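Structure first, commentary second.
The values are calculated or read from the model by the stated rules, or taken from the named source; none is laboratory data. The model shown is predicted, which means the values in this text are computed figures rather than measured ones. Glycine gets a Cβ as well: all are built from the backbone with ideal geometry, and neighbour counts include every protein chain shown.
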Amino acid sequence: MRIAIMTMGTWGDVMPFMALAKGLTARGFDVTLVTSEDFEAAARNHGIAYARIRMNFGRYVNSNDCKAAMAGSIAATKRHQQAFMARRRQMLDDCWHSAQGSDAIICNSILFPAYHIAEKRNIPLLFAGVSPLYTPTRAFPYPYLLNRNLGPWLNRLTWKLWRLTTHGEYATVRDWCLETVKTRPPQKWTNYLFRRDRQVPVVYFYSPSLVPRPKDWHADTFVSGYWYEKNPDEWSPPDELSEFLNTEPAPIYIGFGSIVGSNPARLTEQVMSAIRTAGERAVVATGWGGMVRAEDHTESVYCIESIPHEWIFPRVKAVVHHGGAGTTWNGLRFGRPTLACPMTADHWFWAKRIHRLGAGPRYISQLPWKPLRARDLAQGIRELAGNDSMQKRAEQLGRRIRKEDGVARAVEFIGRQIESWRNFLH
């Protein structure tokens, strides 16, 4: 059984699919990971068959227009969208080429048009997501749209409103279906959750300890728990970092992942000022360009471009990050109280969950019109580092999360769904 796993995005969007690929391979499936070229080396190093999507996602998010769009520029946002759509056709063509010979497809939300490949080839398709973005519910509003619970009826309505505002790709997908896939194009406002009047299976790989499964979801929507490597490659730290971590008091971790802001120098300045004001020591991960390395190593700050979360989180007393789903899970997995500083997408959803679960202070937004301020971050760090109840709650969540085996549960669900859909389609 040959499965094509198609995913695009940052490291947090791709790494879990590598863990899933290895889990499926161990169960006898022949798996190919289809993703952008900046993850080819990582896939091959993990022994995963790889098929290229001709785009470097890291360079893309570091482009000037992408940074300006993140800062709120309407003109840059338009150019950013045009640049993405110019690449979109090539991305979809690469997915079509890579799916030849596959018996099933698993894809994330960025590559949702893979739905049409599965239809053309008459093979099963599953959607996969690290946040609950596919399946309407009365339990909470659409995560990209709102953070406040509006009540069952209005919560459900936000999901319909979101579908109405996200149809900008229709022309591209229509032309691609006609010219490359040679299939009938989708109708406007196509509901991709249904295929031949049957719900398309969805597997979410976040922790049910963080967001319980809503009661109004269809049985073919499954929450498996996070996908990660149980035995990751051992990472060797620089000597200076080991020395820094062996010095008391224990530091906090600050890093905003792969998300790039418009003014890395200013963000770095605010972060460094907050550390000094809060009187804490910190390991600062600068990421793909979100911050600059202003101070490589002092008594209170150690800067590094990137560092495996599974290595550093057990060695710090608290974490500060952007609120990405994977980073949220990883910090709480190790029982670390967490302060989220959301920037975009589903970050606010996870930031609010952290606070609601009692594992961290109220989040501090990083919006274009309200950039991160040192005094707010310093106050949040003080609360994060000095609140015993947050520490205890994070430790309780960590014990529950560590019992989950998301890959194993997902593999079992995917196997059942593929078999069921093969029977249905044939």
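Couple of notes before you dig in:
- Test: residue in the range 226-239 that is modelled with pLDDT of 90 or more and small (G, A, S): yes
- Filter pass, V181 being buried (at least 19 other Cβ atoms within 10 Å of the Cβ), within 23 Å of Q417 (Cβ to Cβ), within 24 Å of the chain's Cα centre (by Cα) and assigned by TED's automatic domain parsing to the domain that holds Q100: no
- Just one residue in the set L384, L397, L377 is assigned to a helix (DSSP H, G or I), of a type outside the set (D, E, K, R) and in contact with a strand residue (DSSP E or B) (Cβ under 7 Å, 6 or more places away or on another chain); that residue is L384.
- L111 being crowded, with 17+ Cβ neighbours inside 10 Å and touching a Pro at 6+ places or on another chain (Cβ under 6 Å): no
- Residue list for the range 92-146, filter: assigned to a helix (DSSP H, G or I) and among the charged types (D, E, K, R): D93, D94, E119, K120, R121
- Of the numbered criteria (1) surrounded by 24 or more Cβ atoms within 10 Å (Cβ to Cβ); (2) at pLDDT 95 or above; (3) out of contact with any Phe, Trp or Tyr (no Cβ under 6 Å at 6 or more places or on another chain); (4) under 19 Å from P132 (Cβ atoms), the one L357 fails is (1).
- Condition check for S242: in a helix (DSSP H, G or I) and either loosely packed, with under 12 Cβ neighbours inside 10 Å or among the polar types (S, T, N, Q) (or both): yes
- For A68, the criteria (1) closer than 30 Å to D233 by Cβ; (2) aliphatic (A, V, I, L, M); (3) assigned to a helix (DSSP H, G or I); (4) at pLDDT below 95 hold in every case but one, which is (1).
- Within the range 377-426, restricting attention to residues that are closer than 19 Å to I254 by Cα, without any contact (Cβ under 8 Å) to a residue 60 or more places away in the chain and not polar (S, T, N, Q), the residue that is surrounded by the fewest Cβ atoms within 10 Å (Cβ to Cβ) is G386.
- Residue under evaluation H347, criteria (1) surrounded by fewer than 21 Cβ atoms within 10 Å (Cβ to Cβ); (2) not assigned by TED's automatic domain parsing to the domain that holds G23, criterion not met: (1)
- Residues that are in contact (Cβ under 8 Å) with a residue 24 or more places away in the chain, assigned to a loop (DSSP other than H, G, I, E, B) and of a type in the set (V, I, T) within the range 167-216 comprise T183, V200, V211, listed in sequence order.
- Checked against the criterion of being charged (D, E, K, R) and within 17 Å of the chain's Cα centre (by Cα), the candidates E240, E229 yield just one match: E229.
- Taking the range 303-334 as the range and being modelled with pLDDT of 95 or more and more than 20 Å from the chain's Cα centre (by Cα) as the test, the residues that pass are P314, R315, V316, K317, A318.
- Hey, A351 small (G, A, S) and over 30 Å from P212 (Cα atoms) or not: no
- Any chance V283 is outside any loop (DSSP other than H, G, I, E, B), modelled with pLDDT of 95 or more, outside the structural domain of G9 (by TED's automatic domain parsing) and not basic (K, R): yes
- Residue match in the range 186-201 (condition: surrounded by 15 or more Cβ atoms within 10 Å (Cβ to Cβ) and within 21 Å of T327 (Cα to Cα)): no
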